[in-house]
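K.L.:
To start, I am sharing the structure in question, which I have written as structure tokens.
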Amino acid sequence: RVDPPERVVPWAMVSYERFAMLAEDPERSEASGVVMREALELFPAPVPDPPWAHEVDLCRHAMPDELPPGYGHGLIFLAPVIEMPRYLPWLRAEAEAAGVEVVLRHLDSPAPALAAADTVVNTTGLGARELVGDHELYAVRG
């Protein structure tokens, strides 16, 4: 999980709404690889609703007959499914069409990038902790 929820949920909802808009347009959905699908998050026993439960579309508690054996609770909601091999090239093309210059290079610190550009987008993923020297960073799923 990512914290604090009061900051993360608004960020996540911006992404959710943008992905939903892509998915609504058949041409953009096909080009970007983004679709909306019903998701089922499973738990062995009831848990409190996550902070985003009242923000996403069609969110509800699963009925007992919708749960596979071994699970006592589930949350069903509409979620974006993003096919990354299509989405990332599409996103890059969109950015470049908007005038963004994409520069790929190995960095040992963010300083050279920050000195060379007005805006830097850090997409290091698992390498972010080492790049920025912040040992409080930790990997999350999703």
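The values are calculated or read from the model by the stated rules, or taken from the named source; none is laboratory data. Computed from a predicted structure; not experimentally measured. Because the Cβ atoms are built from the backbone with ideal geometry, glycine has one as well, and the counts that use them run over all protein chains shown.
K.L.:
Residue check: is A53 touching a Leu at 6+ places or on another chain (Cβ under 9 Å), free of Cβ contacts under 8 Å to residues at least 40 places away in the same chain and surrounded by 13 or more Cβ atoms within 10 Å (Cβ to Cβ)?
P.N.:
Yes: the conditions hold for A53.
K.L.:
Might you let me know whether the stretch 79-97 holds any residue that is without any contact (Cβ under 8 Å) to a residue 40 or more places away in the chain and either among the basic types (K, R) or loosely packed, with under 11 Cβ neighbours inside 10 Å (or both)?
P.N.:
The answer is yes, given that some residue of the stretch 79-97 is without any contact (Cβ under 8 Å) to a residue 40 or more places away in the chain and either among the basic types (K, R) or loosely packed, with under 11 Cβ neighbours inside 10 Å (or both).
K.L.:
Hey, another quick one. Can you name every residue in the stretch 110-142 that is of a type in the set (S, T, Y) and under 24 Å from R92 (Cβ atoms)?
P.N.:
T119, T123, T124
K.L.:
Then there is this: Tally time: how many residues in the stretch 66-116 are aliphatic (A, V, I, L, M) and under 24 Å from V56 (Cβ atoms)?
P.N.:
The total comes to 10.
K.L.:
Of the residues A45, A12, A39, only one is in a helix (DSSP H, G or I) and either in contact with a strand residue (DSSP E or B) (Cβ under 6 Å, 6 or more places away or on another chain) or hydrophobic (A, V, I, L, M, F, W, C) (or both); which?
P.N.:
Only one candidate passes the filter, namely A12.
K.L.:
Right, another one. Are any residues in the stretch 105-142 in a loop (DSSP other than H, G, I, E, B), modelled with pLDDT of 85 or more, among the hydrophobic types (A, V, I, L, M, F, W, C) and loosely packed, with under 12 Cβ neighbours inside 10 Å, and if so, which ones?
P.N.:
Correct list: A117 only.
K.L.:
Show the residue pairs that are 6+ apart or on different chains and have beta-carbon atoms under 9 Å apart, the first residue being within the stretch 61-75 and in contact (Cβ under 8 Å) with a residue 40 or more places away in the chain and acidic (D, E), the second being assigned to a loop (DSSP other than H, G, I, E, B) and surrounded by fewer than 10 Cβ atoms within 10 Å (Cβ to Cβ).
P.N.:
Going by the 9 Å Cβ cut-off, there are no qualifying pairs.
K.L.:
Hey, can you tell me all the residues within the stretch 22-36 that are touching a strand residue (DSSP E or B) at 6+ places or on another chain (Cβ under 9 Å) and either modelled with pLDDT under 95 or surrounded by fewer than 13 Cβ atoms within 10 Å (Cβ to Cβ) (or both)?
P.N.:
Of everything in the stretch 22-36, just one residue is touching a strand residue (DSSP E or B) at 6+ places or on another chain (Cβ under 9 Å) and either modelled with pLDDT under 95 or surrounded by fewer than 13 Cβ atoms within 10 Å (Cβ to Cβ) (or both), namely E24.
K.L.:
Say whether the condition of being surrounded by 14 or more Cβ atoms within 10 Å (Cβ to Cβ) and under 27 Å from A128 (Cβ atoms) is met by at least one residue in the stretch 61-78.
P.N.:
For the stretch 61-78, residues surrounded by 14 or more Cβ atoms within 10 Å (Cβ to Cβ) and under 27 Å from A128 (Cβ atoms): absent.
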